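Chemist: Below you will find the structure I want to go over with you.
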Amino acid sequence: MSVTSRPLAERVALPKLIDSANVGIRHGLTNDEARRRLATLGSNAIADVAQHPVQRALRKLWAPVPWMLEAAILLQLFLGDYVEGGVVAILLIANAAIGFFQEGKAQATLDALKSRLALVAVVQRDGKWVTIPATTLVAGDLVKLSLGSVVAADVRLLDGSILVDQSMLTGESLPVEAGAGAETYAGALIRRGEAVGEVIATGIRTKFGRTAELVRSAKVESSEQKAILRVVRNLALFNGAVTVLLTIYALWLPMPRGDVIPLILVAVLSSIPVALPSMFTLAAAVGARALARQGVLPTSLSAVDEAGGIDILCSDKTGTLTRNALAVMSVHSMLGFANGDVLTLAALASSDGGQDPVDAAIRAAAARQPVADEPQLVNFLAFDPTVKRSEATVREANGTIARVVKGAFAVVQGLSQPSPTCSVIVDELQAKGYRVLAVASGAAAKLRMVGLIALSDPPREDSAALIAELTSLGVRTIMVTGDAPVTAQVVADTIGISGPVWGMTPLPGDLQADHFSIFAGVLPEDKYQLVKALQKGGHIVGMCGDGANDAPALRQAQMGIAVSTATDVAKSAAGIVLTEPGLGGIVASVKEGRTTFQRILTYTLRSIVHKVVQVLFLATGLIITGQAILTPMLMVLMMVTGDFLAMSSSTDNVRPSPTPSVWKIGRLTAAGVIMGTFDLLFCVTCFSIGRFLLNLDTGTLQTLTVVTLVFSGQAVFYVARERQHLWSSRPGKWLIISSAVDLTLISLLAVNGVLMRPLAIAIVAGLLVAAAIFSLLLDLVKVALFHRFKIA
């Protein structure tokens, strides 16, 4: 990013305190005037509004799932069931702890930003140069910028010349030259030279401060959070209504008051998807580990979930779609010269070493096309930005001394004999977005045009294929670049991005952003508005960025992506950090995100079916027997063994979603309720056989209920894990192991009468066979439902 004067609209209006005529800017401010401005405008610092860790921890206990668990704990303590209450409390704390340790990204980003600010500044006060804390700088101060210093505020240069490194702010690796009239910003580093400037903005008014403020305010509710809330809401409404009716019926029977409260407790416990938040986190952690093995580093687990849902990717051009390295694309030699001659002479007029990417590209190209009798360099004058050219004095093979000039076409043409042919070629090359340099050589006063060199940052070899792959996955790629529209269009055409181009800044608030495929001439601060505009249109957005001033956009996007060359601030703000250039890591993230989504979808559907069935089965059992068919202890046992062992689906063998993953909770709930109805029929049938045909007593019926719910739960689990028929894919190793543990443990407890009345082994075996047959029948229902509700 070049150091230029900011548009008037970006400037923050300040009092007439900055009127240089009133303060004698060349002599700085007086201490009294500085104190008055400090009191009026505030300190040159970014406010710290970090929330106390205790407050953050308490917030984790204030949400729908914690509320249900807390209500269950209170009921258990009231009944004196301290062991069961302790188990539920452990589950509550475990869920809260997982969420607590995943928070704090916004504050981490702000801390990274503030660590880059200057601590002191050299300022003129009362006519003397003094060193003061940077926080006491005010607008209108006269500051000195010298080699190695960090710019402490936004400054307009008045005198001198400096080389400014703004990479930590913009992400661009090359420093830029700045002289009188230019502006530089807080956090920039002075690499060379010395200058004097006037402070024009401090604190939150600086570009740095506005970035920090946007980071603090940038927030989008994750799909994970919305999904959990909607699932819990639906279950709470449905199961809550059933629990109320259950209580009314129990009181009407009448059931002894001492039995009603345990019944209510069992109903509450059976309604809680206790491990659902933990399952989201665990599945995302498994996905994060898989991505890390592919060179993608998730800094936020929620970003793994969101990667599966993005339908628009806003990608940087430079370094992501292109190589981020200038290369010679074509050479056009004039009559009497060969392409090798043009490159050889241009290389002689280029710096050997250094950081100039143009000279490096020309020297690399010349090395690939050596010529015979290469001239010998006598003297070299480096590129001068004021005259826009570099020069060399060379000795030809015949001993003749010649002058070589390389630079902007208009400048070189003015020094050499006119060539109409060159003008036409230059217009054609520039129309394609190339940077064109001209080379002339000859006697000092009589230069002749040798040729033209077209340079560009070429697309990466894999960009077109990866964009095509993203398109096949349902993800549309939008190019976002600070380059001119013509340059952006040329690269976009090459890699397969087509569509309208937006080339103005700032972006208007009513922009229909999804109508465009290329955003050119975009300032980093425009990326934040672009993300919000796309989200307003209902899109799940992935955003690439590399500089500190990309941090707000990276925080706002559902999937912020810090490219491989990003600053630490950008990496802190992003949810995913790429370790390799290009789109390969993004494609991998999308696929892994969709795999993670499928695993979570399986668990969520299983939870909906199981929780609905448990409450309805409890109600049906009460109607049939007039008593509770489950105790709080048995319910807690099933929560621990069933809900938490089922989290093994976080490692299940699944196919990624073919299209962007979207939580369709309404359809999922409808499918779950219908499947739950069939599951309820199975459970009630088994229970009725035990009650009316086998004449089991109440205690044994409770054991039968536990075994039936566990076996049918496993049947539902294996049916739900596959979007096609259940035999279409092999379950994951850990899923098979967890199922074996669950079935074996409950069977042993039931047969041996541990924590429950003993149940005959023949009945347990019969239930297992019945559950296996039931799974095949339920699978037929599921396939029809998934096709009807478009669940894939």
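Chemist: In sequence order, what are the phi-derived ³J(HN,Hα) couplings for segment 504-509 according to the Karplus relation 6.51 cos²θ - 1.76 cosθ + 1.60 with θ = phi - 60°, rounded to whole Hz, with x for glycine and proline?
Modeler: Karplus-based 3J(HN,Hα) across segment 504-509 equals 10, 9, x, 6, x, x Hz.
Chemist: Placing unit charges on C-beta atoms (Lys and Arg positive, Asp and Glu negative, everything else neutral), compute the dipole magnitude of segment 705-787 about its Cα centre in debye, rounded to 20.
Modeler: Here the size comes out at about 140 debye.
Chemist: For a 22 Å ceiling on Cα separation, which of these pairs sit above it: Lys226/Lys733; Lys527/Lys571; Lys432/Lys527; Lys317/Lys571; Lys207/Lys432; Lys317/Lys532?
Modeler: Lys226/Lys733; Lys432/Lys527; Lys207/Lys432
Chemist: Further question on the same structure: To the nearest 0.05, how large is the calculated FRET efficiency for Ala97 and Asn31 if R₀ is 51 Å and r is the Cβ-Cβ distance?
Modeler: 0.45
Chemist: Let me ask another. Within segment 295-336, which residues have the backbone N less than 18 Å from the label spot 7 Å out from Ser472 along Cα→beta-carbon, could you tell me?
Modeler: Within reach of a label on Ser472, which here means backbone N under 18 Å from a point 7 Å along Cα→Cβ, segment 295-336 contributes nothing.
Chemist: With label points built 7 Å along Cα→Cβ from the Cα atoms of Thr494 and Leu251, find their separation and express it in nm.
Modeler: Distance between the two pseudo-spin positions: 7.6 nm.
Chemist: Let me ask something else about it. When you have a sec, figure out the Kirkwood radius of the chain from all distinct Cα pair distances and drop it here in Å to one decimal?
Modeler: 31.0 Å
Chemist: Among the aspartates and glutamates, which fall within straight-line cross-link reach of Lys611, defined as a Cα-Cα distance under 14 Å, with same-chain neighbours fewer than 8 residues apart omitted?
Modeler: By straight Cα distance, Lys611 reaches Asp643, Asp679.
Chemist: Additional query: According to the square roots a ≥ b ≥ c of the eigenvalues of the Cα gyration tensor, what is the shape class of segment 351-418, taking rounded for a/c under 1.5, prolate for a/b larger than b/c otherwise, and oblate for the remainder?
Modeler: oblate
Chemist: Quick one: length gained pulling Thr625 to Val122 fully straight, 0.36 nm per residue minus the C-alpha distance?
Modeler: Difference between extended and current length: 172.5 nm.
Chemist: Return the calculated 222 nm mean residue ellipticity for the chain, to the nearest 500 deg cm²/dmol, obtained by summing -39500 (n - 2.57) across DSSP H runs with n ≥ 4 and dividing by the residue count.
Modeler: It comes out at -15500 deg cm²/dmol, rounded to the nearest 500.
Chemist: Give me, ordered by chain and number, the residues 5 or more places off Ile312 or on other chains with an amide H under 5 Å from its own placed amide H.
Modeler: Correct list: Arg476, Ile540, Gly542.
Chemist: Report, in cubic angstrom per residue, the convex hull volume of the C-alpha atoms of segment 634-685.
Modeler: Dividing the Cα hull volume of segment 634-685 by its residue count gives 133 Å³.
Chemist: Which whole-Hz ³J(HN,Hα) couplings does segment 433-449 yield from phi under the Karplus relation 6.51 cos²θ - 1.76 cosθ + 1.60, θ = phi - 60°, glycine and proline marked x?
Modeler: x, 7, 8, 10, 10, 10, 10, 10, 8, x, 5, 3, 9, 9, 7, 10, 5
Chemist: Given 0.36 nm per residue, what is the gain on full extension from Leu163 to Ala765 after removing their alpha carbon distance, in nm?
Modeler: Taking Leu163 through Ala765 to full extension adds about 208.7 nm, to one decimal.
Chemist: Highest mean first, how do 195-203, 408-416 rank when packing is the count of other Cβ atoms within 10 Å averaged over residues?
Modeler: 195-203, 408-416
Chemist: Now a separate question. Equivalent ellipsoid semi-axes for segment 509-596, as square roots of 5 times the alpha carbon gyration tensor eigenvalues: give them largest first, rounded to whole Å.
Modeler: 21, 16, 11
Chemist: Related question: Quick check: pseudo-label points 7 Å beyond the Cα along Cα→Cβ at Thr505 and Val387, how many nm apart are they?
Modeler: In this crude label model, Thr505 to Val387 measures out at 3.2 nm.
Chemist: Additional query: Amide H neighbours of Asp483 under 5 Å, counting only residues 5+ apart in sequence or on other chains, H built in-plane at 1.01 Å?
Modeler: Gly521, Val522
Chemist: Here's a follow-up. Per 0.36 nm of contour for each residue apart, how much would the distance between Gln512 and Ile401 grow if the chain were fully extended, relative to their Cα-Cα spacing?
Modeler: Computed gain between Gln512 and Ile401 is 33.9 nm.
Chemist: Where a Cα-Cα gap under 12 Å defines reach, which aspartates and glutamates qualify for Lys406, not counting those fewer than 8 residues away within the same chain?
Modeler: Here the aspartates and glutamates satisfying the reach criterion relative to Lys406 are Asp359, Asp384, Glu391.
Chemist: While we're on this one: In the chain, if the dipole is taken from +1 on Lys/Arg beta carbons and -1 on Asp/Glu beta carbons about the Cα centre, which of Gly451, Pro277, Leu69 is farthest to the positive end?
Modeler: Towards the positive end, the residue furthest out is Leu69.
Chemist: I need the helices of the chain that pass two filters: whole DSSP H segments spanning 30 Å or more by Cα along the axis, and mean Kyte-Doolittle score no lower than 1.0.
Modeler: 665-688, 698-720, 761-789
Chemist: Put a dot 7 Å past each Cα toward the Cβ at Ser729 and Gln369; how far apart are the dots in nm?
Modeler: A separation of 5.3 nm, rounded to one decimal place.
Chemist: Also, quick follow-up: What size of dipole, in debye to the nearest 20, comes out for the chain about its Cα centre when the only charges are +1 on Lys and Arg C-beta atoms and -1 on Asp and Glu C-beta atoms?
Modeler: 1080 debye
Chemist: Can I ask one more? Determine Rg/Rh for segment 172-287; Rg is computed over alpha-carbon atoms and Rh is the Kirkwood hydrodynamic estimate from the same atoms.
Modeler: Result: Rg/Rh = 1.44.
Chemist: Quick one: which residues, 5+ away or cross-chain, put their amide H under 5 Å from the amide H of Met329? H built at 1.01 Å from N.
Modeler: Counting only residues 5 or more places away or on other chains, the set is Ala454, Leu455, Ser456.
Chemist: Further, regarding this structure: If packing is taken as the mean number of other Cβ atoms within 10 Å per residue, what is the order of 586-593, 673-680, 623-630, highest first?
Modeler: 586-593, 673-680, 623-630
Chemist: If packing is taken as the average number of other Cβ atoms within 10 Å across a peptide's residues, how do 179-190, 307-318 rank, most packed first?
Modeler: Ranked by mean Cβ neighbours within 10 Å, highest first: 307-318, 179-190.
Chemist: I would also like to ask the following. Give me P(r) over segment 616-762, computed from all C-alpha to C-alpha distances, binned every 10 Å, as integer percentages.
Modeler: Pairs per bin, as whole percents: 10, 36, 34, 16, 4, 0.
Chemist: Here's another thing I want to ask about it. Of Ser775, Asn695, His787, which is farthest along the charge dipole of segment 686-792 in the positive direction, counting Lys and Arg as +1 and Asp and Glu as -1 at C-beta?
Modeler: Going by the Cα projections, it comes out as His787.
Chemist: Still on this structure, I have one more. Which of rounded, prolate or oblate describes segment 397-546 when judged by the alpha-carbon gyration tensor and an a/c cut-off of 1.5?
Modeler: Since a/c reaches 1.5 and a/b is larger than b/c, the shape of segment 397-546 is classed as prolate.
Chemist: Another one. Shape of segment 343-478 from its Cα gyration tensor (a ≥ b ≥ c, root eigenvalues): rounded if a/c is under 1.5, otherwise prolate when a/b > b/c, or oblate?
Modeler: prolate
Readers should treat all values here as calculations from the given coordinates under stated rules, not as data from a laboratory. These numbers come from a predicted model, not from an experiment. Note: ideal-geometry Cβ built from the backbone for every residue, glycine included; neighbour counts use all protein chains shown.
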